[in-house]
Amino acid sequence: MQITPPPPPHAQVLAQRRGKDPVPLAVVAENIAKLAVRAFELGKQFHLLLTGCNTVNVVLPICKQVDRFDAAAKQSIWVLATNSVWPGDLSTFLWSQYGSTASPDLAEYRSATRILLDEYTTHWRRQKVMDASMESKKAVAVASLADLVLLDRLDRVRDESGFAVMGML
């Protein structure tokens with residue numbers, strides 16, 4: 001009788017990983033849409049803060065998935081996304097004002113976050129942090145880091161040649 005050794009602990013398996021498993025945007029969009037539509041069915045608004053780089057790329061797939069489940073839900077779903085390469089260390093700036101300024105129209109959140117990013121832009125440039133991904137995309141040329149952020153309700157998002165068109169932060 002041959003005894004099979006137990007599998008290694010989960011932490012050990014994760015520590016041995018050296019790459020990322022890409023998750024298709026369609027899978028991400030479908031799962032987010034299910035959650036957002038469920039919130040709508042419960043009479044709640046859904047605020048989605050996508051703080052990574054180029055997260056605007058998942059907005060149209062989310063729109064399509066929400067349409068599949070319940071198109072009326074789009075009016076209660078707000079999405080924040082970035083439209084370029086985004087300095088990852090600044091992602092906390094996108095949610096730091098949320099808890100104290102969240103409202104149905106996100107107007108206070110939008111204003112507070114824009115002010116925060118506008119004020120921090122000069123300091124961020126002065127740091128002269130060399131980030132090859134930012135340099136290659138010329139993202140440092142924007143007037144404010146806030147110009148790299150979009151925020152709109154899902155029913156207002158337009159599809160222009162396969163690209164999501166949304167309001168600025």
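FYI, it's all coordinate maths here, none of it is from the lab. These numbers come from a predicted model, not from an experiment. Methodologically, a virtual Cβ is constructed for each residue, glycine included, from the backbone with ideal geometry; neighbour enumeration extends over all protein chains shown.
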Q. Tell me, which longest segment in the chain has none of the trypsin sites (Lys or Arg not before Pro) that fall in DSSP loops with at most 10 further Cβ atoms within 10 Å?
A. 21-127
Q: Run down the aspartates and glutamates and flag those whose C-alpha is under 20 Å from the C-alpha of residue 64, throwing out any fewer than 8 positions away in its chain.
A: 30, 41, 152, 155, 159, 160
Q: Would you please state the base-10 log of I(q)/I(0) at q = 0.21 1/Å for the stretch 12-101, with intensities from the Debye formula using one equal scatterer on every alpha carbon?
A: -1.06
Q: State the answer as a single residue: which of 165, 107, 2 lies farthest towards the positive end of the charge dipole of the chain, with beta carbon charges of +1 for Lys and Arg and -1 for Asp and Glu, about the Cα centre.
A: 2
Q: For each of 3, 62, 32, 115, count neighbouring Cβ atoms within 10 Å of the residue's Cβ, then give the residues from fewest to most.
A: 3, 115, 32, 62
Q: Tabulate in residue order the Karplus-calculated ³J(HN,Hα) for the stretch 119-125, using 6.51 cos²θ - 1.76 cosθ + 1.60 with θ = phi - 60°, rounded to whole Hz; enter x for Gly and Pro.
A: 5, 7, 4, 4, 4, 4, 5
Q: Figure the gain on full extension for residue 118 and residue 142 (residue separation times 0.36 nm, minus the Cα-Cα span) and round it to one decimal in nm.
A: 7.6 nm
Q) Could you give the Stokes-Einstein D for the chain in µm² per second, using the C-alpha Kirkwood radius, 37 °C, 0.692 mPa s? A) 183
**Q.** For the stretch 68-82, Karplus couplings with θ = phi - 60° (6.51, -1.76, 1.60), whole Hz, Gly/Pro x
**A.** 5, 8, 5, 4, 5, 5, 4, 6, 10, 10, 10, 10, 9, 8, 9
Q. Taking the Cα centre of the chain as origin and charging only Cβ (+1 Lys, Arg; -1 Asp, Glu), how large is the dipole, in debye to the nearest 20?
A. 320
